[in-house]
Amino acid sequence: MDYLAVAYVDEGVELRNAGIRLPIMVMNPEEYAFDLMIKHQLEPEIFSFRALQMLEKAIRKNHLPQNKPVKIHLKLETGMHRLGFQEEDVDELISRLNGNPLIYVQSVFSHLAGSDKPALDDFTRMQIAHFQKVAQKLKENLPGPFMMHLLNSAGVSRFPEAQFDMVRLGIGLYGISSYKETADRLRDVTSLRTEITQIKNVKAGESVGYNRSFIAKKEHRIATVSVGYADGLFRLLGNGNFSFWIKGKPALVIGDICMDMCMIDVTGMKVKEGDTVFVFNAEHPVIELAEAAKTIPYEVLSRISRRVKRVYFYE
């Protein structure tokens, strides 16, 4: 079965309004959002008795017919200690769910804390075993069948024995792996591109950008490009800490990165205003930028703001 998952209900509503009819799981259902989820047939993650109580309240308020139960996804705590029902909660959870025919358990799941780290493989296997144990108790005591899912992108390739009924591909959908041994088996499909807005010559002794962070020691040719920290670019990448790519050649980022733009050194390069500049692409993947910014590809991609135009290609 194909599923979509979103973080918050507003994202699910946006997909519904765009005509998406696939089942949509909401991973972080806010207190105000249960009425919206029922209205738009979104399926909440339920990870605590408080969340369950809010759902029960919304069901009573919306007067659902007996043949239209709300589908939910139960989150189990298996060792990450973020969200999820503890094993000692299961008896009460079973009783509550069996007492409300308007709630249907569509899936039971958990999340791995270190599936991309071989040093944590024993812990991961412990999580898998604990998940199977608790899920089996739920299977034996709930009326209907449900799906099970546990694996994230790294887990899919490293723990195939725990694929169960579904897997949750996240960053792997973009062809990016945080586990180096599998990176070459994925096709990177993401790029962040901009263009040269203006080119200037800077003389020795002149400065570039805010705070005069770059002082030219010789004559430079400087290009201003249309990307900045409001687009998600890390300010840490300025002042010579990273290079963009123009026609396959690196151009060092100089000076402080601005809100909407930054400057790169194109001295000696045959470039002109309007030329395409890549921040990252398949040849120079996002993981290189992440390493330069001392972070992970997940943060880089999630920081790219909504004002950056998305262009999608279909094959």
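The values are calculated or read from the model by the stated rules, or taken from the named source; none is laboratory data. Predicted model only: the values in this text are computed from it and were never measured. Note: ideal-geometry Cβ built from the backbone for every residue, glycine included; neighbour counts use all protein chains shown.
Here is a yes/no grid of residues against (1) surrounded by fewer than 22 Cβ atoms within 10 Å (Cβ to Cβ); (2) in a strand (DSSP E or B); (3) among the acidic types (Asp, Glu); (4) in contact (Cβ under 8 Å) with a residue 40 or more places away in the chain:
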position	(1), (2), (3), (4)
239	yes, no, no, no
251	no, yes, no, no
272	yes, no, no, yes
279	no, yes, no, yes
287	yes, no, no, yes
291	yes, no, yes, no
294	yes, no, no, yes
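Per-residue answers, yes or no, for (1) closer than 17 Å to residue 138 by Cβ; (2) surrounded by fewer than 14 Cβ atoms within 10 Å (Cβ to Cβ); (3) in contact with a helix residue (DSSP H, G or I) (Cβ under 6 Å, 6 or more places away or on another chain); (4) not assigned by TED's automatic domain parsing to the domain that holds residue 154:
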site	(1), (2), (3), (4)
38	no, no, yes, no
59	no, no, no, no
67	no, yes, no, no
94	yes, no, yes, no
105	yes, no, no, no
**Message:** Among the residues of segment 78-86, are any within 20 Å of residue 166 (Cβ to Cβ), of a type in the set (Ser, Thr, Tyr) and surrounded by fewer than 21 Cβ atoms within 10 Å (Cβ to Cβ)?
**Reply:** no
**Candidates 123, 146, filtered to the one that is of a type in the set (Phe, Trp, Tyr), over 30 Å from residue 294 (Cα atoms) and not assigned by TED's automatic domain parsing to the domain that holds residue 298** = 146
**Message:** Going residue by residue through segment 137-155, is there one that turns out to be in contact with a Gly (Cβ under 6 Å, 6 or more places away or on another chain), at pLDDT below 95 and of a type in the set (Gly, Ala, Ser)?
**Reply:** yes
**Item:** Within segment 253-286, tally of residues that are in contact with a Lys or Arg (Cβ under 6 Å, 6 or more places away or on another chain) and under 22 Å from residue 298 (Cα atoms)
**Value:** 2
**Item:** Qualifying residue in segment 16-26 (condition: outside any strand (DSSP E or B) and crowded, with 18+ Cβ neighbours inside 10 Å)
**Value:** no
**Message:** Between 64, 93, 52, 83, which is modelled with pLDDT under 95 and touching a strand residue (DSSP E or B) at 6+ places or on another chain (Cβ under 9 Å)?
**Reply:** 64
**Request:** Kindly check whether there is at least one residue in segment 221-229 that is in a loop (DSSP other than H, G, I, E, B), under 25 Å from the mean Cα position of the chain (by Cα) and surrounded by fewer than 20 Cβ atoms within 10 Å (Cβ to Cβ).
**Result:** yes
**Message:** Based on this model, can you work out whether residue 204 counts as small (Gly, Ala, Ser), loosely packed, with under 12 Cβ neighbours inside 10 Å and either in the same structural domain as residue 259 (by TED's automatic domain parsing) or in contact with an Asp or Glu (Cβ under 9 Å, 6 or more places away or on another chain) (or both)?
**Reply:** yes
**Item:** Segments classed as helices (runs of 4 or more DSSP H), wholly inside segment 115-211, with at least 1 members that are out of contact with any Ser or Thr (no Cβ under 6 Å at 6 or more places or on another chain) and without any contact (Cβ under 8 Å) to a residue 12 or more places away in the chain
**Value:** 121-141, 180-183
**Request:** Only residues that are surrounded by 12 or more Cβ atoms within 10 Å (Cβ to Cβ) and within 23 Å of residue 284 (Cβ to Cβ): list them for segment 187-201, please.
**Result:** 188, 189, 190, 191, 192, 193, 194, 195, 196, 197, 199
**Asked** Applying the selection to segment 164-192, what residues are under 20 Å from the mean Cα position of the chain (by Cα) and at pLDDT 95 or above?
**Response** 166, 167, 168, 191, 192
